[in-house]
């Protein structure tokens, strides 16, 4: 049993989103590296260092993960524009690149409903799974099938009737948890109205960090195999 005197272990998370603005929520102390992937004028996917954060989505997601579990090291991979859009090939490139960081978790508060990328996404998700990397992904907010969140190797998350961000339920192959920002992270009235599977996914990742911290020798193979958290 882990001693209660032991400090929390650092959990490394690759967060693939719209970027994390380190000026807010004391996230500067958690972000190890910020990169992005963009398609240039020739159609080539290029890697960008410290790209501009055009949408606060990724920042809010990171803050919710940290709200649940403090000792996090984020690898921030920015692939979403101001409208939270990207190209499926850019997402695949980001997932492949995430392997190089040897993370505990890859967090995806985003999804695609296009079957076009199914095979390529499935292939990289399996690689991550074999490396004992936990992939956590949000379902779409519209109820349609979301690739990655629907893969058996992925912890798929959606918002439910649960009103406690520290609790979650497992039902019909998905995890359900709270879907709104905590009031002390809300900087304006609009923040108080934000809700969705992206927030639920962030809370789930935070709770998984707590589980990892309480399991000797990292996450057991049994947890990785069937995700019965």
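No value in this document is a laboratory result; all are computed from the given coordinates. Please read these numbers as outputs of a predicted model, since none were measured by experiment. Backbone-built Cβ (ideal geometry, glycine too); neighbour counts: all protein chains shown.
A few points about this structure:
- Take the Cβ atoms of residue 71 and residue 163, set R0 to 45 Å, and the FRET efficiency comes out at 0.95.
- When peptides 96-107, 38-49 are ranked by their average number of other Cβ atoms within 10 Å per residue, the highest-first order is 96-107, 38-49.
- Two-decimal log10 I(q)/I(0) for the range 1-91, as the Debye equation yields it once each C-alpha is a single scatterer, q = 0.19 Å⁻¹: -0.83
- Over the range 11-226, the reciprocal of the mean inverse Cα-Cα separation, the Kirkwood hydrodynamic radius, stands at 17.1 Å.
- Those residues of the range 65-94 whose amide nitrogen sits under 20 Å from the label point placed on residue 23, 7 Å along Cα→Cβ: 76-84
- In this rough spin-label picture, where each label sits 7 Å from Cα along the Cβ direction, the residue 39-residue 130 distance is 2.9 nm.
- Taking the range 65-87 and a reference point 7 angstrom along Cα→Cβ of residue 54, the backbone N atoms nearer than 14 Å belong to 78-87.
- Placing pseudo-labels 7 Å out from each Cα toward the beta carbon at residue 96 and residue 190 gives an inter-label distance of 3.6 nm.
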